[in-house]
Amino acid sequence: MSKKPPVAKKEEPPATAAATAPAAAAEEAAPAPAKKAEKGKRVKKHKEEKGVHAMYRIEGDKVFRERPTCERCGPGYFMADHHDRYTCGHCGFTRYKQK
Ligand SMILES: [Zn+2]
C-alpha cells in the first residue's frame, strides 16, 4: 500500500487541463473589463428578450410547444406560465395547474 500509482496518474490530467485553462480564462476575462468601464453609467440589467421561438422546442423532426394554447382563442395563442396557473393574455382565460 506504500505505492500509489493511481495518484501519480491523477496528477497528469490537471497538467494538461491547466494548459488549456489559461486560454479559456483569457477569453472569459476579456469581456469583463468592458463591463466594469460601463459601471459608471447606470447599466440596467435587461431581461433576455423572449421571442416567439421561446415557445417552441424542436426535437428531431417534431415540434413541441412549451406552453399550452388557449382553449378559447385556439392554436397560436399561448398562455402565460404562472406558478400556479396559465392565463391567456388575449381573452383572459385562466387555467389552474393541477397538483
Ligand atoms: Zn384566449
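Every number in this text was worked out from the coordinates using simple rules, so none of it is lab data. Quick caveat, the model's predicted, so the values are computed rather than measured. Note: ideal-geometry Cβ built from the backbone for every residue, glycine included; neighbour counts use all protein chains shown.
What is the order of Y77, Y96, fewest Cβ neighbours within 10 Å to most?
Listing Y77, Y96 from fewest to most nearby Cβ atoms yields Y96, Y77.
Sort all Cα-Cα distances of segment 42-99 into consecutive 5 angstrom bins from zero, then give the percent of pairs in each bin up to the one containing the longest distance.
4, 16, 21, 21, 16, 12, 6, 3, 1
When a footprinting reagent is the concern and you count Cβ atoms within 10 Å, what order do H83, H53, H90 take, fewest first?
H83, H53, H90
If each residue's Cβ is checked for other Cβ atoms within 10 Å, how do D61, D81 rank with the fewest at the top?
Lowest to highest Cβ neighbour count: D61, D81.
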